[in-house]
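Here is the structure we will look at, set down as structure tokens.
The values are calculated or read from the model by the stated rules, or taken from the named source; none is laboratory data. As the structure is a prediction and not an experimental result, all values here were calculated from the model. Note: ideal-geometry Cβ built from the backbone for every residue, glycine included; neighbour counts use all protein chains shown. Accessible surface is based on the protein model in full, side chains and every heavy atom, while ligands, DNA and RNA are left aside. Shrake-Rupley method; radii C 1.70, N 1.55, O 1.52, S 1.80 Å.
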Amino acid sequence: MYLSRIALNTNRKDTMAALASPQKLHAAVESSFPPSYEKTNRNLWRIDRLNNNIYLLVLSAKKPDFLHIIDQFGWPGAEQKWEAKDYTTLLGQIKEGQTWQFRLRANPVHCVIKNDDTQKQEEKQRGKIYAHVTVEQQSKWLLDRGERYGFKLNIDSFRVVQRDIKRFKRNNVFITLSIVTYEGILEVTDAALLRSTLTNGVGRAKAYGCGLLTIGKVLA
């Protein structure tokens, strides 16, 4: 596995248009790999805002080629490079009982089943998807799901650091996504399960920049 990062140039109109439409960035990420590339896992990605800079972060089984990202959204002609680090070493270091800093960009939602004749059959069976809209709801969503992903949180060990609403068009259908960025400290309860979570993602809307959980050493 490789965790790759490239800075985006927000002074370009194409970059700002792509940041507003996750569908465009999804296509750009998928174009970073050859057509013959057989994925064993979904390519996960997210946008990170750090120190007034914006980065595209990608987790993949194969190293990406970001030359087209540079041409579209970066600094072509400036010999711009990108980072691609082997993620396997970190995955092998995870053990039960450890604490790690984490960052997650996710789409916290819930399903509601109603007895409504106007609902589509699929909605009657699975429920209709609604976004969690308050910080309290969004925090509880992650707090309640940690154990199923191999880690434990408490209400004081993490926080919501950013909230976005993305509205874009896909196949002539408008999509609205509520996207939340979490940061904090997690405790490993199941190492194998957490490794799976790190490589497979958390929650819905993974194609649109949600679900990528990353961890690092706890800073003193």
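Observations on the structure shown:
- Across region 149-157, computed HN-Hα scalar couplings (Karplus, 6.51 cos²θ - 1.76 cosθ + 1.60, θ = phi - 60°) run 9, x, 9, 10, 10, 10, 4, 9, 9 Hz from first to last residue, x flagging Gly and Pro.
- Formal net charge of residues neighbouring residue 184 (Cβ-Cβ distance under 12 Å; K, R +1; D, E -1): 0
- Residues 218, 112 ordered from highest to lowest accessible area at a 1.4 Å probe: 218, 112.
- Between amide H atoms placed 1.01 Å from N, distances below 5 Å from residue 109 occur with 132, all of them 5 or more places distant or on a separate chain.
- A prolate overall shape is assigned to region 1-77, the ratio a/c of its alpha-carbon gyration tensor axes (a ≥ b ≥ c) being 1.5 or greater and a/b exceeding b/c.
- For residue 67, solvent-accessible area (1.4 Å; no DNA, RNA or ligand), Å²: 100
- In sequence order, region 205-217 has phi-based couplings of 6, 5, 5, 10, x, 10, x, 7, 9, 10, 10, x, 5 Hz under the Karplus curve 6.51 cos²θ - 1.76 cosθ + 1.60, θ = phi - 60°, and Gly or Pro positions carry x.
- Accessible surface, 1.4 Å probe, highest first, among residues 86, 164: 86, 164
- Two-site FRET efficiency, residue 49 against residue 112, from Cβ-Cβ distance with R₀ of 22 Å, rounded to 0.05: 0.10
- The chain: relative contact order in percent, alpha carbon pairs under 8 Å with at least 6 residues between: 28
- If the convex hull is drawn through the Cα atoms of the chain, its volume per residue in Å³: 156
- The count of lysine pairs in region 1-145 with alpha-carbon distances below 19 Å, taking only pairs 8 or more places apart or on different chains, stands at 11.
- Centre-to-centre, using Cα atoms only, region 63-81 and region 204-220 are separated by 23 Å.
- Relative to the current alpha-carbon distance between residue 11 and residue 165, full extension at 0.36 nm per residue lengthens the span by 53.3 nm.
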